[in-house]
Each structure stands twice: as structure tokens, then as C-alpha cells.
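The values are calculated or read from the model by the stated rules, or taken from the named source; none is laboratory data. What you see is a predicted model, and the numbers here were worked out from it, not measured in a lab. Reconstructed Cβ throughout: ideal geometry from the backbone, glycine too, with neighbour counts over all protein chains shown.
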Amino acid sequence: MNIYYNENKRQFHLQSKDMSYIIQLVRGYPAHVYWGKRLEQGGNLDDILMFQERSSFSPNPVPDDRSISLDTLPQEYPQYGTSDFRYPAYQVKLQDGSRITELLYRSHRIVRGKPALEGLPAVYAESEQEAMTLELELADAYSGLAAVIRYTVFDAFNAITRSVRFINQGQQALSLNSAMSASVDFADAEYDYLVLTGAWVRERHMQRRPLTPGVAARIESRRGSSSHQANPFIALLRPDAGEEQGDVYGFSLVYSGSFAAQAEVDQFATTRVSIGINPFDFAWLLQPGESFQTPEAVLVYSSEGLGGMSRTYHKLYRTRLCRGVHRDQERPILVNNWEATYFDFNADKIEAIAAEAAELGIELFVLDDGWFGKRDNDTTSLGDWTVDRKKLPGGLDDLAARVNQLGLQFGLWVEPEMVSPESELYRRHPDWCLHVPERRRTEARCQLILDYTRQDVRDYIFEALSGIFLTVPVSYVKWDMNRNMTEIGSAALPAERQSEVAHRYILGLYELLEKLTKAFPHILFESCSGGGGRFDPGMLYYMPQTWTSDDTDAVERLKIQYGTSIVYPVSTMGSHVSAVPNHQVGRVTSLTTRADVAMSGNFGYELDLTKLTAEEKAIMKRQVSDYKEIRGLVQSGDLYRLKSPFSGNETAWMFVSGDKKQAVVFYFRVMAHPNAPLRRLQLRGLDTSLDYHISCLGTSYRGDRLMQLGLNLPHLDGDYASVWFKLDAK
Ligand code: DGJ
């Protein structure tokens with residue numbers, strides 16, 4: 001890893017293990033020269049950028065040089081209004097109403113390590129040896145606007161992080177109307193794009209399409225959170241790129257609010273990809289001396305297809321985005337009472353479930369929604385974080401002690417960003433929610449969103465939660481958030497700052513999460529937003545796992561978990577066995593298949609354990625002990641996706657240990673077909689020369705055979721069938 005600067009050529013070469021990223025200053029404009037497979041330093045890169053006069057419809061900002069046009073120059077951080085007609089990376093409005101700024105190179109700095117991002121989550125380096133950072137300072141002489149574009153390159157990862165800090169060094173106020181985190185101009189348009197889209201209970205389905213002229217791809221959220229509908233990620237893939245081969249370029253945003261990512265193909269068949277805070281309904285006032293920091297974008301290059309890209313994101317996010325004592329620890333197997341009881345429970349019922357769980361070897365009991373205020377349904381009490389003594393007469397501490405006595409840790413659900421209009425908190429502070437004066441306050445699930453832009457609101461929530469965490473032995477917290485933003489306004493901000501509210505909300509949330517996770521480092525936090533409505537890298541910085549989806553059906557989960565794994569490590573995916581018929585889709589699948597899907601994530605159960613037959617209990621006991629044996633591999637091994645649920649009836653994936661001595665392979669077949677072909681499953685990521693013993697088959701095969709010829713798949717009976725194999729090198 002290194003960052004080289006060639007003063008003569010005005011070129012910056014950012015180089016990691018197998019990747020290079022090259023920038024060149026052209027008349028002060030930072031131009032994009034190259035991003036891809038590593039180039040050795042010192043080669044002749046002259047004439048990579050081609051300058052040629054185009055028509056008068058591509059204007060020339062440099063007098064007397066008709067070969068330069070911003071309309072054709074590949075750029076690092078393009079501006080609008082001075083000859084580039086493609087989408088800009090930022091836009092600023094001056095007090096005179098003009099929207100022209102011209103950011104030109106002023107200075108640069110190359111430093112070891114990776115400076116933290118003020119107030120925002122970001123990938124980090126644990127030592128100065130792990131990473132190097134380039135800061136390019138650009139300035140607009142007329143307005144006094146300055147921007148520092150920060151690039152970090154890593155030793156161990158083919159990844160570059162990018163962000164921008166705007167500073168108003170002028171005398172007049174500026175309005176920042178758009179501020180993307182990264183923009184990259186690719187030299188051609190021979191790519192497919194990939195995005196992850198969906199809905200509640202149908203998150204992160206893969207969509208891959210060829211680029212076409214115009215804004216060929218745009219994925220965005222205008223909901224105030226990253227959302228179920230869109231994930232803050234986009235990738236470009238060469239058309240021949242597949243799971244294990246070909247060039248892939250990923251863009252992932254470390255942010256939990258409204259975002260936009262797009263790919264635009266221009267008239268000369270070049271492609272501009274950008275990602276950042278959604279400019280829609282966003283503006284930020286920059287008074288003289290003030291600055292604005294964009295979130296961080298994480299760009300990953302892979303010459304080994306999507307699988308290579310995913311493995312880079314997985315390792316980077318698992319080890320250098322997630323933090324805290326739980327980061328590298330095996331995660332506990334849990335049972336959650338939501339689908340078992342919904343709001344209808346009492347202490348004895350909970351204790352009975354926990355007692356069954358203890359017998360099965362489950363390690364953590366999680367008390368879900370309904371334990372506080374008068375919460376017998378979803379119409380009331382959010383904000384009143386005091387225990388409901390009708391349901392839990394001895395209080396939370398008594399219940400936690402009873403659960404602990406059974407040998408289980410105690411976990412608790414909270415939804416601290418919300419307030420029910422039917423609550424003490426709302427009666428006391430009707431101004432504490434996001435709202436616009438004189439307008440309806442639109443409810444969703446009978447709740448409003450607390451105004452996290454306000455310090456007093458954040459302080460109240462911190463006090464309420466720490467009061468519980470200090471007195472109750474809570475080992476795990478499920479942090480839920482069940483609606484999107486409407487009437488986005490804050491009573492605490494002046495008119496000219498109302499367009500900042502959605503982003504300020506996210507900054508407030510991050511500040512509170514930082515404070516809470518620092519104050520209670522022993523608690524394992526899991527984020528949730530009606531399942532995976534905020535499954536994004538921003539939340540993972542504070543909470544190392546997320547409830548993947550409210551859809552617990554095994555078949556639906558194949559697509560959801562496969563799509564999620566495109567960017568996010570398996571250690572971050574909560575995955576539970578629930579009852580049948582499934583509560584979301586009514587499907588009946590076997591206990592084995594449900595567990596095999598759930599074991600491919602952070603394993604748990606979410607059903608009434610007091611209603612099990614002896615046979616079911618025996619199966620579950622085995623599942624729990626099996627998972628304990630393989631969870632290290634699943635949670636921190638390398639993931640290889642073998643068969644995609646998006647392209648057929650079968651799904652398969654496998655996890656391989658870092659030293660390649662152990663692996664576990666999961667295979668799922670959705671519908672049974674008569675007289676079906678006999679099949680072998682080709683494995684990946686093994687050592688070709690090692691012999692792997694497969695205990696359930698009682699035999700061993702060498703890695704080369706398993707990868708070149710494959711593993712014979714057994715006959716499976718019935719629909720929704722599955723099987724898994726554990727491989728141990730001898
Ligand atoms: C939505 C979550 O995704 C569910 O798991 C559950 O916690 C409910 N909220 C509780 O209201």
C-alpha cells in the first residue's frame with residue numbers, strides 16, 4: 001500500500017495489494033485517470049486522458065484551449081454550471097442567487113493511517129501501518145468555498161474510502177444543496193449495474209441490468225432512513241463478470257438516512273457513478289467559518305467477480321467498521337418471544353419459554369415489544385420506558401434474574417426513536433416529535449418520530465435507557481425503529497435550517513448511539529427497523545448485527561440473505577427459526593430446513609418453545625449443538641455463494657475458515673421434481689491439495705476434486721428440502 005505523488009505529471013497513484021486508483025490534476029481540476037487492477041508505480045501513464053476538441057455543445061473553460069471541456073473530462077468531484085452537463089457531485093447557492101462555484105486544486109497532504117470522520121460512522125484503521133490517506137484541498141476563489149476530498153487506501157483490502165468536507169472560508173453565507181460523498185467517471189459504458197431493492201419483508205433482492213444511455217440506474221431513499229426499499233449500494237460489473245470472475249466495482253455508503261446512488265451514461269458512452277446523501281429535500285446552510293462533512297463512501301474493486309467484492313466488504317466491515325468487544329466474539333444463540341407471544345405475555349410465560357430454552361442449550365433470552373407503559377398493542381406507550389407491573393409484577397430486574405438463574409443471558413427490545421401520541425411523554429412534550437406547525441402529524445403504526453436533532457430529546461432517551469441498563473442485567477439490546485419520516489420539521493431549528501432536519505436527525509442518532517455504546521460496552525446491540533429497514537454500514541458501526549428481515553419464512557429468507565450477503569458479512573445478519581405455518585407467508589417448511597437457513601446467519605429461535613413435541617425438542621437440541629460447533633466458521637469464515645436463489649430452484653453457499661482447513665456447505669432445493677437429474681455441487685475456496693473429511697458421509701475427498709468435479713448431492717425428498725456438510729481437513 002502506498003500513495004505516490006508525481007510532481008511533474010501532477011499525478012497521484014493510490015495503490016493497495018491488488019488495486020490502483022490514479023488521479024491527475026488537469027488545469028487545477030482533479031481528473032480521474034484509472035481505477036482497477038494494480039499497476040506498478042513508475043510506468044508511463046501519459047496520454048491516458050485524451051483531449052480532443054468536440055463540438056460547441058461541449059464548452060471550453062480554459063481560454064484558447066478547445067481540447068479541454070469539463071463536459072468530456074473524467075473528473076473526481078464534478079461541478080455544475082461551467083461546462084459539464086452531467087450530474088454534478090455538489091451544488092452550492094450563493095447569497096446573490098447564483099449557483100456557480102469552481103473548485104480548483106489548492107494543496108494536498110498525504111498522511112499515514114486514517115483520520116476519523118467527525119460525528120459520522122466510518123471504516124477505521126487500527127494502526128498507521130494499515131492505511132494511507134490523501135487529502136486534496138480544492139477552493140473556489142470567488143465564494144471562499146473550500147472542499148477537502150479525502151481518500152484512504154488500505155494495505156489489506158482492495159478498497160478506497162472517500163468523503164468530502166466543505167468549509168465556508170468566505171464572507172457570505174452559502175447554501176449547500178447537494179454534496180455527494182463520491183463520484184467516479186468510468187471511461188466506457190460496457191457495464192451492467194447491480195442494486196439491492198425490495199420492500200418490508202422482502203428486502204435486498206438483487207437487480208442486475210445493462211447500462212443504457214442517460215441515468216441508467218438510480219437507487220435512492222427519500223424516507224429519512226436507508227430503507228427496506230433501497231440499500232445504499234450500487235455496483236458496476238463487466239457483462240462477463242459473474243460470481244467468481246470478472247471486474248466489479250462496488251460503491252457502499254456508510255449512512256443510515258436518505259441517500260442516492262446512480263450511474264449516468266453520457267453522449268460519449270462514458271459512465272459517471274455517484275453516491276451520497278440524497279440531494280432531494282436537502283440543503284445545508286454554511287455560515288462563514290462553518291463546515292459540513294459528508295458521510296463516507298466505500299469503493300471496492302474486485303477482479304474476482306461479485307464473490308471477490310463481497311468478501312472484501314465482509315472482511316472490511318466485520319473487522320474495520322464494526323467495533324467493540326463483540327466484534328470478534330462468537331455471537332450467542334437466542335430465543336426471542338415476539339412471534340411466540342406478541343404483546344400477550346407475563347413473567348411466568350416468559351420464564352417458561354426461557355426454561356425450555358435453557359434445556360435446548362440456547363444462550364440468550366430476548367424480551368421483545370410489550371414490556372413497558374400500557375403496551376398491550378401497538379397503539380400506545382412508546383416513549384414511556386417504565387416497566388408494566390401488570391405483566392411483570394417484579395419488574396425487569398426480577399425477570400432478568402429469573403432468566404439468568406436458568407443460565408441464560410437477558411436481552412431487551414426498545415424502540416427509542418419513537419413516541420406514541422397515546423403516552424405520558426407526548427402529553428408532556430408535544431413538541432418533541434418531528435412535525436411542521438399547523439400541519440397534520442401523520443401517524444404510522446400509531447406512532448410519531450422523536451426529534452433527535454434536539455439535545456434535550458437525546459438526553460431524555462439516554463437517561464431513560466441508561467436507568468434500565470444500570471439496574472437490570474441486560475446483555476443484549478434490540479434497537480427497533482418502525483416507521484419512516486413525514487412532515488420533516490423541527491421546533492428547535494429556524495426556518496432557514498429546516499431542510500437540514502433529516503440529516504441532523506441521523507447525526508443526532510449517531511451521537512446518542514456513540515454515547516450509549518461507549519457507556520455500556522458489554523451490551524451486544526442489534527439494530528432493527530421492522531426487520532431490515534436500516535440494514536446499512538452506518539448502523540453497523542454502532543451495532544455489530546441487524547435483524548435481517550421480519551420475514552422468517554425459510555424460502556423467502558434464501559433470497560433475502562443471499563441479497564444481503566452481497567455487501568454485508570454473515571456475522572451481521574440475525575436469522576431465526578419461527579413457527580409454521582409461517583406468520584408472514586403461511587408456508588409450511590420442515591424444522592430442519594428452517595434451521596439450515598437460520599444457521600447461515602446469527603442463529604436463533606422465535607417461536608413458543610413451551611409448545612414443542614418431544615421429537616421437535618430433540619431436533620432443536622441437536623441444531624443448537626451443531627450451530628455451536630460451526631458458528632465460528634459461519635460468523636467469520638469466507639463466504640462463497642455457489643448457487644443463486646435468483647436464478648433457479650436451488651441455493652447453495654459455503655463458509656471456509658481463513659486457513660482453509662474447515663468448511664461448511666449448505667444446499668437448499670425449493671421445489672421437488674420427479675425423476676430429477678443427478679447433480680454434483682462444485683465447491684469453492686478450498687485448498688486443492690488438502691483431503692477433507694466429511695463426517696456425515698463418512699468419507700474424504702481432496703480439495704481439487706471437490707472444486708473441479710464437485711460433491712455428489714444426495715436424493716432429497718419433498719419441497720423445501722436442505723442439507724449441509726461439514727468439511728475438516730485431515
Ligand atoms: C418490528 C420488528 O422487526 C419485530 O421483530 C418486532 O420487534 C416488532 N417490531 C415489535 O413491535
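Just a few scattered comments:
- Top-ranked residue of the stretch 550-576 - restricted to ones that are in a loop (DSSP other than H, G, I, E, B), away from the ligand (no atom under 16 Å from the Cβ) and not aliphatic (A, V, I, L, M), ranked as surrounded by the most Cβ atoms within 10 Å (Cβ to Cβ): 568
- Residue within the stretch 609-631 that is on the phi < 0 side of the Ramachandran plot, part of a helix (DSSP H, G or I) and either assigned by TED's automatic domain parsing to the domain that holds residue 710 or within 21 Å of the chain's Cα centre (by Cα) (or both) present: no
- Residue 372 vs. criteria within 14 Å of the ligand (Cβ to nearest atom), in the same structural domain as residue 404 (by TED's automatic domain parsing), modelled with pLDDT of 95 or more and surrounded by fewer than 19 Cβ atoms within 10 Å (Cβ to Cβ): no
- In the stretch 411-433, residue nearest to residue 469 (Cα to Cα) [restricted to those that are within 16 Å of the ligand (Cβ to nearest atom) and among the hydrophobic types (A, V, I, L, M, F, W, C)]: 412
- Considering only residues in the stretch 498-549 that are surrounded by 22 or more Cβ atoms within 10 Å (Cβ to Cβ) and acidic (Asp, Glu), the one that is farthest from the ligand (Cβ to nearest atom) turns out to be 536.
- Scanning the stretch 103-117 for residues that are touching a Ser or Thr at 6+ places or on another chain (Cβ under 9 Å) and either under 28 Å from residue 536 (Cα atoms) or of a type in the set (Asp, Glu) (or both) yields 112, 113, 114, 115, 117.
- Residue within the stretch 153-176 that is assigned by TED's automatic domain parsing to the domain that holds residue 249, without any contact (Cβ under 8 Å) to a residue 40 or more places away in the chain, among the hydroxyl-bearing types (Ser, Thr, Tyr) and within 30 Å of residue 216 (Cβ to Cβ) present: no
- Count - residues of the stretch 685-712 that are buried (at least 16 other Cβ atoms within 10 Å of the Cβ) and assigned to a loop (DSSP other than H, G, I, E, B): 4
The rows are residues; the columns are (1) surrounded by fewer than 24 Cβ atoms within 10 Å (Cβ to Cβ); (2) assigned to a loop (DSSP other than H, G, I, E, B); (3) assigned by TED's automatic domain parsing to the domain that holds residue 499.
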residue	(1), (2), (3)
188	yes, yes, no
209	yes, no, no
216	yes, no, no
244	yes, yes, no
260	no, no, no
268	yes, yes, no
275	no, no, no
288	yes, yes, no
298	no, no, no
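- Every pair of residues 6+ apart whose Cβ atoms lie under 8 Å, when the first sits in the stretch 513-525 and is part of a helix (DSSP H, G or I) while the second is aliphatic (A, V, I, L, M): 513/543; 516/465; 517/523; 517/543
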